[in-house]
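Single-structure report; data block below.
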Amino acid sequence: MISKDRLQADILDRAFQRMLEENAAIADSTKGEEGAVSDVRPLLETAGRARELLPARGPSPEFIAASEARLLRRIKASAPRSTKQDFRLAGKARWGWLRSAALAAAITLIVLSAAGLSVTSASARALPGDALYPVKQGLEVISLALTVSASGDVALLADFADARVEEIEQLAAQNRNADLVAGLENYDKTLSHLDGALDQLPPDSIQLDDIRARITRHTQVLLSLRDRLPEQAQSALDQAVEHSQQSVDRIWSLQKDQGTEEIPPTLNKESTTDAGKGDDASSPTEKKPDTDPHTDTPELTETSEPTNTLEPSQTPKASKTPKPSKTPKPAEPTKTPKPAEPTKTPKPAKPTKTPKPD
Amino acid sequence: MTDTTPTEQSDAILVARAREGDAEAFGCLYRRYVDPIYRYLFARLGESKEAEDLTEDVFFRAFQALGTYHERGWPFSAFLYQVAKNVLIDHYRRQKPEVGLANHELAFDSLRPLDERVIRDEQMRDLRQAMEDIPLNYREVIILRIILAMPTSVVASWMNLTEGATRVLLHRALASLRGKVQGRI
């Protein structure tokens, strides 16, 4: 039994296709259709008016040529980082996670044989500026390389972001002002990686709520430190706070962007955004069978207009003190090895922002 | 060694080559998909300069994220669309308040008589406002299927829906839009 709703949807689609292909008038486009054609015609009228009033516009040939040349220059400039040195993401893509895991295991062995288990364990407590801190970072990137899904990456990167905030608190408590800036920059970079990993999650992932809450807490912690930090760290603190607030906004936007109210889960395919991101991620090819799509219709309940519950403006925004004049951040000063930066290709056009992975 | 020229190669082959750092392969992908991505961004932004800037960003970010893309039945164009949506989110975050369709450039104004232009401008404003007022996935399906005239199968793959669900979504989206603009366009 085909519902009226579904029947009309099918007629509408066929008739609209005829309007496109045959330049058919509305009356002609529905010829031969049986059913509630009279209900479909007003919608075809609206579709036709929308096409008239909001015409599609393609790119100019000049733009295409110039943009391609610029794009290829950017790609060539970034290729050494994004395709050769990034063993985590590109490595996963090229060789699969097994090869990444093998590489990670090899590095682990080297670290363990060189430093010993006790040193490795001690590195967990290391802070920026400590001799063992690079070992801690190395172990983090290894654990990241061993994850096989986008959600695993997100969970791990969120833990790393928590760790960066704890490090900042400890550095502040110990008055290690020189290392504080590095600590804040580390947080900023970790958050960039987390932003990129979040892009790979389905917008309805329950992880997003958790991550949003954790980053909101980061903002609060960082702001609580403001008065205790020296002048030299204020700029880095502002950057970190701003980034954390933007990340929270971004998660709101991702969740709002989903707008799943009208399509029930039974009609949504497996998550696209997670597809192919990890070996255990849902593949788009595993979409739900559409054997009898018409039976889906009763589940398509019309809902009210989208609520504002996910508005970014509702993100808790801590008040900010006037910022000291911000100097553009140099592109990734690498005082210590920064292993957990798979896609930190610099964005030339935005020197003040930490490059974000996608 | 392949016998085909880059422009004839499948997306999967070009993506694989691009992952190895072959910029020319990515250039082929760019030429293949710059048109629909630009059109989509223009439809969302209504401003050609912004659409141009963001189009370039989309492809650059897509290149950077190639390592995370596994085909497995998910078209490369759908991947680009996902990146484009993320780029738009970032763009809107930077550009508050969101203007979007409300600033749509007029493509045909100068060729029409003044009174007709005034009426048409009014209708365009009403339509743009209505598009802003309907749920985002309604707006997306109208832009992709109606404004850009993309086949339902492609819209379905881009929006990660079945074709049946896409048709139903379009039906509801148009009904919702019609309700908003009833008698005004």
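The table below lists the values:
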quantity: Interface area, A with B, accessible, probe 1.4 Å, both sides summed, Å² nearest 100; calculated: 8100
quantity: Ranked by how many other beta carbons lie within 10 Å on average, peptides A:232-240, A:27-35 from highest; calculated: A:232-240, A:27-35
quantity: Euclidean distance of C-alpha centroids, segment A:1-62 and segment B:53-82, integer Å; calculated: 30
quantity: Largest-first ellipsoid semi-axes for segment B:29-76, taking √(5λ) over the Cα gyration tensor eigenvalues, angstrom; calculated: 22, 11, 9
quantity: Test item: B:30-41 mean partner chain Cβ contacts at 10 Å; calculated: 3
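The values are calculated or read from the model by the stated rules, or taken from the named source; none is laboratory data. Keep in mind that this is a model prediction, so the values were computed, not measured. Note that we place each Cβ from the backbone using ideal geometry, even for glycine, and neighbour counts take in every protein chain shown. Note: areas computed on protein heavy atoms with side chains; ligands, DNA, RNA excluded. Shrake-Rupley method; radii C 1.70, N 1.55, O 1.52, S 1.80 Å.
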